[in-house]
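Bear in mind that the values in this text are calculations on the coordinates, not laboratory data. This structure is a prediction, so every number in the text was calculated from the model and none was measured. Cβ: placed from backbone, ideal geometry, glycine included. Neighbour counts: every protein chain shown.
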Amino acid sequence: MKDSNFLKEHNARHIWHPMAHPADSQANPPDIIVEGEGVHVTDVDGNRLIDAVGGLWNVNLGYSCQPVKDAITAQLDRLPYYSIFRGTTNDNVIELGEMLRDFFAEDGLTRAFYTSGGSDSVEVALRLARQYHKVRGEGGRVKYLSLKKGYHGTHTLAASVNGNANFRTQYEPLMPGCFHIPAPYTYRNPFNETDPAKLAQLCLAALEDEIAFQGAETIAAFIMEPILGAGGVIPPHESFMPGVREICDRHGILLIADEVITAFGRSGDWTGSRHWGVKPDLMTTAKAITNGYFPFGAVMIADTVAEVFEQDRSGRGSIGSGYTYSGHPVGAAAAIACLRETERLNVKDNAAARGTQLFDGLSRLMDKHEIVGDIRGGHGVMAALELVSDRGAKTPIDKKTIGAVHRATFEAGVMVRVSGPNIILSPPLILSEAEADAIIDALDAGLGSVA
Ligand SMILES: Cc1ncc(COP(=O)(O)O)c(C=O)c1O
């Protein structure tokens, strides 16, 4: 490793960072992380922090997951790459396919299509949805519906179904045929409705209305995160996703669950769909599938969808999607080891317990700090604080103040993530009770620093 002077001098000079303004990265260089262990990361100055970001919602098992590391190194020695495009495969993807089928059986998902990450998974799922209807002879079903505030990655199709202007405006025009309905976000919504159950019904009514307006026979799929993540951790009322499922069924629209962050235990259940008792038609996964140690993803496909493709004799069911790194043998080896470890540690139960503990802690912070306008969470280890400069008027906090909260929380030993007016928590699922308390204490110090 280069010495710290070199790293600091060249930090953000000749690379552009995702989701950041290049000039801002140069003016305020990013923290240089050089080590990870357990749920901790260490920066170039030797500051050791609890990583309440969990990498980027992906390091569910922490930074010391030896079985995944060993699987990667052993696979690099044995077969570092081979493609699984038509005509060839590798041993790992076959084994992983059987493991994924078992893991997702309760969700009714029995086939996997491998990708190299979350945006790719979303892209493939959306494309498969259109193709499914074409194979069935309903080629007019080409549109997509999604939620405002939803996040589905940054490929152009994904950005088109994204529900946040930050990821859209500078890249317009986006794909035609994508339409959005209000998110079940009680703190801010166009209905001015704070009751979660009533709001869920209003959003479902908006979905029905949009389907009637577009014509059901023109719509391929509805895509949603079971718990909205990057948009500010928005858990809908328990009636919402079942309601979406029922509406989609009634109109012949496929339901895509975007579980890039919720699959593999984060919500306190093995999948976010299962958390709400819903079986989707397609599910996107990535991130924690390899504990973040290797870029990899899988789109999971329901039996009913798979049958349409597998029974097709017209040729239309041939898959015209795929990436050089789809089914990468090293990624698949990492995923096999990761899935085994995820199940062995039964991390979903700890995620549920720590999620409740964190949410209770956040509600104490809200009682204490006027700057906290809203807290969201309570469904596994995903939570957010929305900061305001005026609680009554719900005025979003300015960038400088939330930046100061972030810095003071960092100095108190915890890395959190700032997204707009939100502080987002998505720590590893192996977090201990004491570490969850430490996150709340550091946030208490961070919020207190700007009082
Ligand atoms: C729900 C959801 N979908 C898709 C993506 C995109 O995944 P990736 O960044 O791996 O492309 C993300 C990333 O955070 C996500 O949270």
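With the cut-off at 15 Å, report for segment 168-265 the share of all Cα pairs above it, as a whole percent.
Above the 15 Å cut-off, segment 168-265 has 65 percent of its Cα pairs.
Expected output is a single nm value to one decimal: the length gained when fully extending between Asp31 and Arg78, i.e. 0.36 nm times separation in residues minus the C-alpha distance. What is it?
13.3 nm
Between segment 43-100 and segment 259-311, what's the alpha-carbon centroid distance in Å?
Answer, in whole Å: 17.
Taking just the C-alpha trace of the chain, give me its Rg and Dmax in Å.
Looking at the chain, its Cα Rg and Dmax stand at 21.8, 67 Å.
Could you work out the local net charge near Ala404, counting Lys and Arg as +1, Asp and Glu as -1, over the other residues with Cβ closer than 12 Å to its Cβ?
Residues close to Ala404 contribute a combined charge of +1.
To the nearest 20 Debye, how big is the dipole of the chain about its Cα centre, given +1 on the beta carbon of each Lys and Arg and -1 on that of each Asp and Glu?
The calculation lands at about 1020 debye.
Before rounding to the nearest 500, sum -39500 (n - 2.57) across all DSSP H runs of length at least 4 in the chain and divide by the residue total; then give [θ] at 222 nm in deg cm²/dmol.
-12000 deg cm²/dmol
Excluding Thr304 itself, calculate the net charge of residues whose Cβ lies under 10 Å from the Cβ of Thr304, where each Lys or Arg counts +1 and each Asp or Glu counts -1.
-2
Cα-Cα over 31 Å: which of Lys8/Lys69; Lys198/Lys394; Lys148/Lys279; Lys149/Lys279; Lys69/Lys134?
Lys69/Lys134
In nm, what is the difference between 0.36 nm times the number of residues separating Asp312 and Ala393 and their Cα-Cα distance?
23.5 nm
Over the residues of segment 239-335, compute the C-alpha Rg and express it relative to 2.2 N^0.38 Å.
1.22
Rounded to the nearest 5, what % of DSSP beta bridges with both residues in the chain are antiparallel?
Numbers: 31 of 48 bridges.
Approximately 65 percent, going by the DSSP bridge assignments.
Please report the relative contact order for segment 68-344, taking Cα pairs under 8 Å with a sequence separation of at least 6, and give it as a percent rounded to a whole number.
30 percent
What helices in the chain pass both tests, a Cα length along the helix axis of 20 Å or more and a mean Kyte hydropathy of 0.0 or higher, using whole DSSP H runs?
Counting only whole DSSP H runs, the qualifying helices are 196-214, 329-344, 433-448.
Using a simple spin-label model with points 7 Å from Cα along the Cα→Cβ vector, what separation in nm is obtained for Trp16 and Phe213?
3.4 nm
Long-range amide H contacts for Gly229: which residues qualify at under 5 Å (H placed 1.01 Å from N, peptide plane, sequence gap of 5 or more or a different chain)?
Tyr151, Ile234
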